[in-house]
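The values are calculated or read from the model by the stated rules, or taken from the named source; none is laboratory data. From a predicted model like this one, the values you see are computed outputs, not experimental measurements. Please note: Cβ atoms are built from the backbone with ideal geometry, for glycine as well, and neighbour counts cover all protein chains shown.
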Amino acid sequence: MQDTATKIVTPEKDWLTQFKEVAFDYAPKIVAALIILIVGLFVINMFVKLARRLMKKRGIDATLQKFLGNLLGWILKILLFVVVASKLGVETTSFAAIIGAAGLAIGLALQGSLSNFAGGVLIMIFKPFKIGDLIEAQGVTGVVKEIQIFTTQLNTLENKLAIIPNGSLSNGNILNYSAEGKLRVDHVIGVSYDADIKKTKEVLMKVLTANPKVLKDPAPTINVSELADSSVNFAVRPWSTTADYWDVYFETLENAKVALDAAGIEIPYPHSVEIQRKG
């Protein structure tokens with residue numbers, strides 16, 4: 001006769017037992033993997049900071065410092081991921097095969113990202129610009145804030161953050177306004193046909209030479225550029241440093257207007273405006 005006191009093992013109890021056994025077996029591995037991950041990320045951050053300090057001490061370009069620091073951080077984090085995975089029981093050999101296969105698939109899917117990475121490398125090698133330069137590229141004008149592995153960040157003149165992929169940046173046209181250290185400011189100022197050309201040039205030249213932000217070398221130039229319908233136009237071209245460009249630009253216009261008025265030299269209205277005023 002079968003013992004009625006015999007316990008019946010239900011599927012639910014069997015599953016719970018197996019879960020406890022698996023959890024008991026893997027708990028130390030998971031804890032160890034978490035410790036390795038946390039400590040590893042801390043060590044990587046400290047190592048990258050140390051590497052950047054060493055590069056700075058050796059006088060390596062600031063742009064290259066950030067780029068190499070970011071690249072070093074990514075490589076070390078990938079290695080840390082492999083170590084953590086192996087600690088959880090993933091075979092290193094099979095894991096390497098998985099990474100290789102995944103790398104091929106990801107490479108095909110992320111051709112644009114690889115192009116951006118290659119573009120970042122080209123920018124580092126040929127250095128068409130560096131951090132702090134004012135450049136124009138891909139329809140954006142701004143100061144280079146940071147060159148990362150895949151993108152370059154610019155602060156625009158309106159203080160907006162522009163992020164440009166390195167692939168398109170390295171393959172497109174780049175205007176570097178800071179490379180030569182000097183910029184020419186171009187103005188066209190028109191005066192009446194009744195005005196004396198020599199006197200007008202003298203008045204405008206005094207405006208330029210009186211401004212300490214206008215460079216003496218190259219010297220500013222003033223020339224008649226056009227005999228327009230209602231005015232004689234002068235090409236007014238002072239030079240400035242990159243940092244002083246906008247100051248010279250606006251100060252030249254304002255001071256020229258004040259000086260011409262004081263000298264009695266008329267700045268005429270266009271014919272269409274004169275007809276409207278008379279009408």
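Residue 194 meets the conditions (1) closer than 16 Å to residue 245 by Cα; (2) surrounded by fewer than 16 Cβ atoms within 10 Å (Cβ to Cβ); (3) modelled with pLDDT under 95 in every case but one. The failed one is (1). When 82, 48, 90 are checked against the criterion of being modelled with pLDDT of 75 or more and either more than 27 Å from residue 167 (Cβ to Cβ) or surrounded by fewer than 15 Cβ atoms within 10 Å (Cβ to Cβ) (or both), a single residue qualifies: 82. The set of residues in the stretch 205-236 being among the hydrophobic types (A, V, I, L, M, F, W, C) and in a strand (DSSP E or B) consists of 222, 224, 227, 232, 234, 235, 236. Pairs meeting the criteria (first residue in the stretch 234-257 and within 20 Å of residue 180 (Cβ to Cβ) and in contact (Cβ under 8 Å) with a residue 60 or more places away in the chain, second residue assigned to a loop (DSSP other than H, G, I, E, B) and aromatic (Phe, Trp, Tyr), beta carbons under 9 Å, at least 6 apart or on different chains) are 242/177; 245/177. The residue that is modelled with the lowest pLDDT, counting only those in the stretch 134-181 that are exposed (fewer than 14 other Cβ atoms within 10 Å of the Cβ), farther than 19 Å from residue 122 by Cα and not basic (Lys, Arg), is 157.
Among residues of the stretch 123-138 that are among the charged types (D, E, K, R), those with a Cβ under 6 angstrom from a residue that is at pLDDT 90 or above and surrounded by fewer than 16 Cβ atoms within 10 Å (Cβ to Cβ), sequence gap 6+ or separate chain, pair up as 136/175. Just one of the listed residues (202, 180, 251) is closer than 30 Å to residue 145 by Cβ, out of contact with any Asp or Glu (no Cβ under 8 Å at 6 or more places or on another chain) and in a helix (DSSP H, G or I), namely 251.
Out of the residues in the stretch 202-256 that are closer than 26 Å to residue 133 by Cα and of a type in the set (Lys, Arg), state the one that is surrounded by the fewest Cβ atoms within 10 Å (Cβ to Cβ). Across the stretch 202-256, the extreme among qualifying residues is 216.
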